[in-house]
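Enquirer: Structure below; questions to follow.
The values are calculated or read from the model by the stated rules, or taken from the named source; none is laboratory data. Keep in mind the model is a prediction, meaning the values are calculated, not measured. Positions of Cβ are generated from backbone atoms using ideal geometry, with glycine treated the same way; all protein chains shown enter the neighbour counts.
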Ligand code: TYM
């Protein structure tokens, strides 16, 4: 099979990501723009440093980021919006856009609206009831707060508990979106329940909440992985008809799972590292991960490994090796056969154990302040 045919199978929707994801093709297919040096430079200038996820092209695409930055540079208020569908515990993939959101919040002193779609996950997952998803809202909010967001500038919205804050606006959104648009954008089938047909209006709404609350139009940027893009295409289509700005987006690549191919996903717990995993259990998952290594140590020493397909290398790349020269050194060691997979895994397992211990302490502390973050 050629690479071309393999990518034919690529599916990227908010509810399903499968096949080999070709990010350049997604830029074309979704009609977004690639990140540019100029934009990265502007973000760096305002933040005072270049975030790892910008340096390494993890946030690879955008819509109207230049316009959002223009607003900021012209002294206008700018806002941020992102979210989570609470269907289980938080995994490392979710942390990618959240760490980046914290970077943006600090750099631009921006308010952040964070939506917990405990309604969406109830509607989509037959096995989940409302107590489950609302319970995960609380649990996931602890993980979000552990990322270090500013309590004075962050509001977490639970769709189920805070519906009165969003319903009026969501109705106005819904009135401008036809069934045929939702069906086409989200690939809905006759068998989908009617809740999910209406739900996209709910996810669009927080793009406009800050504007309504402040009584003036606010330029909003949505940092998220690219799977959420269908919502923003729909939202942008109707924003101006409601008198609001179109929200801008920054799109991230997916942190892979620990298996062969595919993004990290809660639906495959054995290949996902959850932030609540006991550190030793996470270390075991790392030791079982798929790597770019050779079948035997002898071959590995002679021929070297392939970091480009290795999940262990990906974790260093996406999250756990800040230092670019150390990352390059690791890549060289791998390709030259200087390091074997067992040792490389053991090294990462130690890093992840320390990370989880620290994160879990912060998560515990979040219990004391969670009320400050929830929309009242
Ligand atoms: P959810 O819960 O699927 O994902 C939450 C956020 O994590 C991103 N994400 C990933 N990023 C990198 N690597 C991965 N393996 C990975 N898996 C998930 C998602 O893109 C998302 O940014 N419907 C949404 C909830 C939502 C939302 C929003 C998300 C409501 N409003 C605004 C982003 C922005 C959902 O179910 O996300």
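Enquirer: State which residue is nearest to the ligand (Cβ to nearest atom) when the search covers only region 107-128 and only residues that are assigned to a loop (DSSP other than H, G, I, E, B) and touching a residue at least 12 places away in the same chain (Cβ under 8 Å).
Expert: Checking each candidate, the answer is 117.
Enquirer: Ok, one more. Go over the candidates 302, 331, 361 one by one and state the one that is free of Cβ contacts under 8 Å to residues at least 24 places away in the same chain and in a helix (DSSP H, G or I). Show your work before the answer.
Expert: On the way: 302 fails: free of Cβ contacts under 8 Å to residues at least 24 places away in the same chain; 331 fails: free of Cβ contacts under 8 Å to residues at least 24 places away in the same chain.
Just one listed residue meets the conditions, 361.
Enquirer: Sort out which residues of region 129-164 are in contact with a strand residue (DSSP E or B) (Cβ under 7 Å, 6 or more places away or on another chain) and within 15 Å of the ligand (Cβ to nearest atom), and write them in order of number.
Expert: 134, 137, 140, 141, 144, 149, 154, 155, 156, 157, 158, 159
Enquirer: Out of (1) over 20 Å from the mean Cα position of the chain (by Cα); (2) surrounded by 19 or more Cβ atoms within 10 Å (Cβ to Cβ); (3) closer than 30 Å to residue 163 by Cβ, the odd one out for residue 310 is which?
Expert: For residue 310, the failing item is (3).
Enquirer: Okay, next question. Answer yes or no: is there a residue in region 35-43 that is over 21 Å from residue 217 (Cβ atoms), within 18 Å of the chain's Cα centre (by Cα) and buried (at least 16 other Cβ atoms within 10 Å of the Cβ).
Expert: For region 35-43, residues over 21 Å from residue 217 (Cβ atoms), within 18 Å of the chain's Cα centre (by Cα) and buried (at least 16 other Cβ atoms within 10 Å of the Cβ): present.
Enquirer: Has region 142-165 got at least one residue that is under 30 Å from residue 360 (Cβ atoms), over 19 Å from the mean Cα position of the chain (by Cα) and surrounded by fewer than 14 Cβ atoms within 10 Å (Cβ to Cβ)?
Expert: yes
Enquirer: On the given criteria, is residue 352 crowded, with 17+ Cβ neighbours inside 10 Å and part of a loop (DSSP other than H, G, I, E, B)?
Expert: Taking the combined requirement at face value, the residue does not satisfy it.
Enquirer: Only one residue in 95, 104 is in a helix (DSSP H, G or I), within 19 Å of the chain's Cα centre (by Cα), crowded, with 19+ Cβ neighbours inside 10 Å and near the ligand (Cβ under 10 Å from one of its atoms), so which one is that? Show your work before the answer.
Expert: Values: 104 fails: near the ligand (Cβ under 10 Å from one of its atoms).
Answer to the check: 95.
Enquirer: Evaluate region 272-293: report whether one residue or more is closer than 27 Å to residue 228 by Cα, assigned to a helix (DSSP H, G or I), in contact with a strand residue (DSSP E or B) (Cβ under 7 Å, 6 or more places away or on another chain) and at pLDDT 95 or above.
Expert: No: zero hits.
Enquirer: Suppose the filter is in a helix (DSSP H, G or I), surrounded by fewer than 19 Cβ atoms within 10 Å (Cβ to Cβ) and touching a helix residue (DSSP H, G or I) at 6+ places or on another chain (Cβ under 8 Å); does residue 181 pass it?
Expert: yes
Enquirer: Here are some residues: 234, 264. Which one is within 11 Å of the ligand (Cβ to nearest atom) and either free of Cβ contacts under 8 Å to residues at least 40 places away in the same chain or surrounded by 17 or more Cβ atoms within 10 Å (Cβ to Cβ) (or both)?
Expert: After ruling out the rest, the residue left standing is 264.
Enquirer: Exactly one condition in (1) touching a helix residue (DSSP H, G or I) at 6+ places or on another chain (Cβ under 7 Å); (2) within 25 Å of residue 140 (Cβ to Cβ); (3) within 15 Å of the ligand (Cβ to nearest atom); (4) touching a residue at least 60 places away in the same chain (Cβ under 8 Å) is false for residue 227; which is it?
Expert: Answer for residue 227: the failing condition is (1).
Enquirer: Taking the criterion of being under 28 Å from residue 66 (Cβ atoms), in contact with a strand residue (DSSP E or B) (Cβ under 7 Å, 6 or more places away or on another chain) and either more than 15 Å from the ligand (Cβ to nearest atom) or modelled with pLDDT under 95 (or both), would at least one residue in region 191-212 satisfy it?
Expert: Taking every residue of region 191-212 in turn, none turns out to be under 28 Å from residue 66 (Cβ atoms), in contact with a strand residue (DSSP E or B) (Cβ under 7 Å, 6 or more places away or on another chain) and either more than 15 Å from the ligand (Cβ to nearest atom) or modelled with pLDDT under 95 (or both).
Enquirer: It is to be established whether one or more residues within region 170-181 are within 14 Å of the ligand (Cβ to nearest atom) and closer than 20 Å to residue 17 by Cα. Break it down stepwise before answering.
Expert: First pass over region 170-181, keeping only residues within 14 Å of the ligand (Cβ to nearest atom): 170, 173.
Filter once more, so that each one left must be closer than 20 Å to residue 17 by Cα: none.
Within region 170-181, none of the residues are within 14 Å of the ligand (Cβ to nearest atom) and closer than 20 Å to residue 17 by Cα.
Enquirer: Within region 28-87, how many residues turn out to be within 16 Å of the ligand (Cβ to nearest atom), part of a helix (DSSP H, G or I) and in contact (Cβ under 8 Å) with a residue 60 or more places away in the chain?
Expert: Result for region 28-87: 5.
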